[in-house]
Number of protein chains: 2
Amino acid sequence: MVINDEFYMQLCLNEAWKYQALTYPNPPVGALILDKHGNILSIEAHQEARQAHAELNAAIQAVIKLGDTKITKLPSPGEKHSYLCENYQNYFQGCTIYVTLEPCMHHGSTPPCSILIKSLGFTKVVIGTLDPNPMAKGGKQYLIEQNHEVLSGILQKECKQLLYPFIKWQMNKNFVFFKLAKFQNGTITGKHVSSLESRKLVHKIRTKIDLLVIGGDTVRNDRPTLDCRLVDSQKVPDILIITSDDNLDREIPLFKVPNRKVYIKNDFKLLENYKHIMIEGGEGMFVKSRDIVDFYLFFTSPKTKTGKTIQIDANLKSLHCFKNSSDTITWLENIR
Amino acid sequence: MVINDEFYMQLCLNEAWKYQALTYPNPPVGALILDKHGNILSIEAHQEARQAHAELNAAIQAVIKLGDTKITKLPSPGEKHSYLCENYQNYFQGCTIYVTLEPCMHHGSTPPCSILIKSLGFTKVVIGTLDPNPMAKGGKQYLIEQNHEVLSGILQKECKQLLYPFIKWQMNKNFVFFKLAKFQNGTITGKHVSSLESRKLVHKIRTKIDLLVIGGDTVRNDRPTLDCRLVDSQKVPDILIITSDDNLDREIPLFKVPNRKVYIKNDFKLLENYKHIMIEGGEGMFVKSRDIVDFYLFFTSPKTKTGKTIQIDANLKSLHCFKNSSDTITWLENIR
């Protein structure tokens, strides 16, 4: 295996994909810091909006690894950013930072990452792909002007794939992904197909999406609640039930969850009003939604089970896979 | 993500799993070298029997990275081993080598890896699991006696899982794995379910196994050749066709491949005479072989397709998954 820029960028990608769908409205981003000898100090990702960006998380973990005990006590990303700029001015001379996305140049919940990289004095900055966000871009140009050695386009295709949902949001479009839990042989029926860890991740994703789409039959047969109880969150998405037949039992818990709207429609027009949308369902919903889905998110249990499978021809492209406790998680792109 | 011994051992494991089933009768092993500053010099694996062990491959790549151009010109692993011992005596002082399996202490196709590690002067040796092979073990004890800092048991469970086939061979038992190509929705029918890269890997595996088991219906319906043409190899495994009905067309190419025996039996007794056995088949063979299979090897295409799936309840455990071009490869353990 060749140990080069692509190798380190892949480690950034692996970390960032763990947070795909969780960072809305921000992009998932991974970052890695090498010290001046090439020793890995940290590999971190942006985990959720209003929290530290990947570069800041990587810098925080790097100074913790170097023995700093104070930084963990600071409450906000902004304070950690300031603390680093004040206490580690040019400390990272000779060091390299890898980041899947061009470091931001704007003040959001945190000050710009490009300023952080400049203050800490990183000699080399390796970027996967440039920022499509007109508000945040400009980091590469700024860092070149500040005399950093900047290399961009490393694993660019893979870094762009990671960024796909964000690119759609930036274009004021919605990002739609279809989540499916299945066994190794494709069976999708049965209670608790996925592990507890996988179901917790789904509940966490539900706290980040703004609309959850399901079919009428799922409501009638499974009588789900579709809340986020496994991660103890009160934040829940709105629900769109796709059905041509409005004979739904309004007394089930689904309709009683506070702070959300439940719509019952016969088409997907409502999706225009939302940005970050997950569809959960079986074969019927899979077929109905083929033309509007961007990504598929498959949770695959290691077991095989007798039962119903989805019988459809669909051309998908595998983007990333990783083990999540006992299950395998695969993100795929819908090739339309 | 915590950057520690487990992190580096996982990188060794990821590399080693790529060669699972290809190293017979040797174990798959991964190794990684950090220089004295913690910079990764190399991550390599043992790729096939009679070729360099993982530690030797890692040392070769490390000196190539450091600028050595001569070593690649040496033809055999033994000569490379000698060259390193002569030219890099104590050169790796301060450096660390990670290896999933205890470095060997015996002369096989190559001199002992423990001698190599001692000669090159690695300060620290981090071992995943100890060698179950009575002939090869003793490396850890030797390295401790030679005053190396030796740490063992890092990701021991995972390193043992990687080693499972080898442990069976050491006990003079056979290792049996079931290879299945499927689509994301479980469909197993259709021509070329897997990508060309995946089919090439299967042909390469066929050059390494000693027996390939298939069902009579596969022979009758698919009329396969079951050779290793995709990797241009003349080395082919013996074939066992499991069928209760001997009405097979002996004129198909399967029976014409040189240098192999073809058996037609109604049971698996013949497996006793073989050590490294792959089963290929569909639902019928999956059911028949449930009690004799150790591992499953699933090649999953990113697409979904209409067609037949395997309808069985089987308790499996996912060991490792990785992308192989467009497909996902998953190794699973049969929980019997």
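The values are calculated or read from the model by the stated rules, or taken from the named source; none is laboratory data. Only a predicted model underlies this, so the values are computations on that prediction, with no experimental measurement involved. Here the Cβ positions follow ideal geometry from the backbone for every residue, glycine too, while neighbour counts run over all protein chains shown. To get the accessible areas, we keep the full protein, side chains included, count just its heavy atoms, and leave off ligands, DNA and RNA. Shrake-Rupley method; radii C 1.70, N 1.55, O 1.52, S 1.80 Å.
Please identify, among A:Y19, A:Y98, A:Y83, the residue showing maximal mean-square fluctuation in a Gaussian network model of chain A using a 10 angstrom Cα cutoff.
A:Y83
Long-range amide H contacts for A:S42: which residues qualify at under 5 Å (H placed 1.01 Å from N, peptide plane, sequence gap of 5 or more or a different chain)?
A:I33
What's the angle, to the nearest 10 degrees (0 to 90), between helix B:5-17's Cα axis and the longest principal axis of chain B?
In chain B, helix B:5-17 runs at an angle near 40 degrees to the longest axis.
For chain B, what is the relative contact order in percent, using Cα pairs closer than 8 Å and at least 6 residues apart in sequence? Working shown, then result.
On the way: 696 pairs, mean separation 49.6, N = 336.
Result for chain B is 15 percent.
Using a 1.4 Å probe on the heavy atoms of the protein chains only, list every residue of the stretch B:1-43 that has 10 Å² or more less accessible area in the complete assembly than in its chain alone.
Flagged in the stretch B:1-43: B:M1, B:I3, B:F7, B:Y8, B:L11, B:E15, B:K18, B:H37, B:G38, B:N39, B:I40, B:I43.
Considering chain A as a Gaussian network with a 10 Å cut-off on Cα pairs, which listed residue, A:I214, A:I312, A:I117, attains the greatest mean-square fluctuation?
Comparing A:I214, A:I312, A:I117 in a Gaussian network model of chain A, the most mobile one is A:I312.
What accessible area per residue comes out for the protein assembly as shown, rounded to a whole number of Å², with a 1.4 Å probe? Intermediate results must be reported in sequence, preceding the final value.
Details: 27640 Å² over 672 residues.
On a per-residue basis, 41 Å².
How far is A:K261 from itself in the other copies, in nm, if each label sits 7 Å out from Cα along the Cα-Cβ line, shortest first?
Copy-to-copy label distances for A:K261: 7.4 nm.
When only Cα pairs under 8 Å and 6 or more residues apart are kept, what is the percent relative contact order across the stretch A:166-234?
After rounding, I find 24 percent.
What translational diffusion coefficient, in µm²/s and rounded to a whole number, does the Stokes-Einstein relation yield for the stretch A:175-334 at 4 °C and a viscosity of 1.567 mPa s, taking the hydrodynamic radius as the Kirkwood radius over Cα pairs? Each step should come with its number before you reach the end.
Details: Rh = 16.1 Å.
In µm²/s, the coefficient rounds to 80.
Counting other Cβ atoms within 10 Å, which GluC sites (Glu not before Pro) in the stretch A:1-70 have at most 16 and lie in a DSSP loop? It would help to have the intermediate numbers written out before the result.
Numbers: sites: A:E6, A:E15, A:E44, A:E48, A:E55; in loops: A:E48.
Answer by residue number: A:E48.
Which semi-axes, in whole Å and largest first, does the equivalent ellipsoid of the stretch A:5-170 have when worked out from the alpha carbon gyration tensor as the square roots of 5 times its eigenvalues?
Values: eigenvalues 92, 61, 47 Å².
Largest first, the stretch A:5-170 gives 21, 17, 15 Å.
For A:G215, what residues show an amide H to amide H distance below 5 Å, using hydrogens built from the backbone and excluding near sequence neighbours?
A:I242
Name the long-range amide H neighbours of A:I239: under 5 Å, sequence gap of 5 or more, or other chain; modelled H, no Pro or chain starts.
Under 5 Å from the amide H of A:I239 lie the amide H atoms of A:L212, A:K261, A:V262, A:Y263, each far enough along the sequence or on another chain.
May I ask you to report, in nm to one decimal and beginning with the shortest, the distances from B:Q146 to the same position in the other copies, taking label points 7 Å along Cα-to-Cβ?
So the label point of B:Q146 gives 4.8 nm to the other copies.
Quick one: grab Rg to one decimal and Dmax as a whole number for chain A, Cα atoms only, in Å.
21.5, 67
According to the square roots a ≥ b ≥ c of the eigenvalues of the Cα gyration tensor, what is the shape class of the stretch A:122-171, taking rounded for a/c under 1.5, prolate for a/b larger than b/c otherwise, and oblate for the remainder?
Oblate.
Measure nothing but the geometry: give the 0 to 90° angle between the long axis through the Cα atoms of B:156-170 and the longest principal axis through the Cα atoms of chain B, rounded to 10°.
Tilt of helix B:156-170: around 60 degrees.
Under a 10 Å cutoff between Cα atoms, tell me which one of A:P258, A:P27, A:P132 has the largest fluctuation in the Gaussian network model of chain A.
With Cα springs under 10 Å in chain A, the top fluctuation among A:P258, A:P27, A:P132 is at A:P258.
Find the sum over both chains of the accessible area lost when B and A are paired, probe 1.4 Å, and report it in Å² to the nearest 100. Working shown, then result.
Details: alone 15650 and 15690 Å², together 27640 Å².
Chains B and A together bury approximately 3700 Å².
Given the rotation relating A and B, tell me which residue in A puts its Cβ closest to the axis and the distance in Å.
A:G186, 1
For the protein assembly as shown, what does the convex hull of the Cα positions come to per residue, in cubic angstrom? Please list the in-between numbers first.
Numbers: hull volume 111.4 nm³, N = 672.
Considering the Cα atoms of the protein assembly as shown, their hull volume per residue is 166 Å³.
Please report the antiparallel percentage of the DSSP beta bridges confined to chain B, to the nearest 5.
The answer is about 45 percent antiparallel.
Measuring from centroid to centroid over Cα atoms, what is the spacing of the stretch A:60-98 and the stretch B:223-268 in Å?
Cα centroid to Cα centroid, the span is 63 Å.
Over chain B, with every protein chain in place, what whole percent of the accessible area is carbon and sulfur at 1.4 Å, could you tell me?
47
I'd like the FRET efficiency for A:V231 and A:K308, computed as 1/(1 + (r/R0)^6) with the beta carbon distance as r and R0 of 25 Å, rounded to 0.05.
The calculated FRET efficiency here is 0.30.
How far is A:I167 from the same spot in each other copy, in nm, shortest first, if each label point sits 7 Å from Cα toward Cβ?
Sorted ascending, the copy-to-copy spacings read 4.5 nm.
Sequence neighbours fewer than 8 away in the same chain don't count; with that in mind, list the lysines whose C-alpha is under 29 Å from A:K118.
Candidates past the 8-residue exclusion: A:K18, A:K36, A:K65, A:K70, A:K73, A:K80, A:K137, A:K140, A:K157, A:K160, B:K36.
Loop-only check: which trypsin sites (Lys or Arg not before Pro) in the stretch B:1-73 are DSSP coil with at most 12 other Cβ within 10 angstrom?
Filter output for the stretch B:1-73: B:R50, B:K70.
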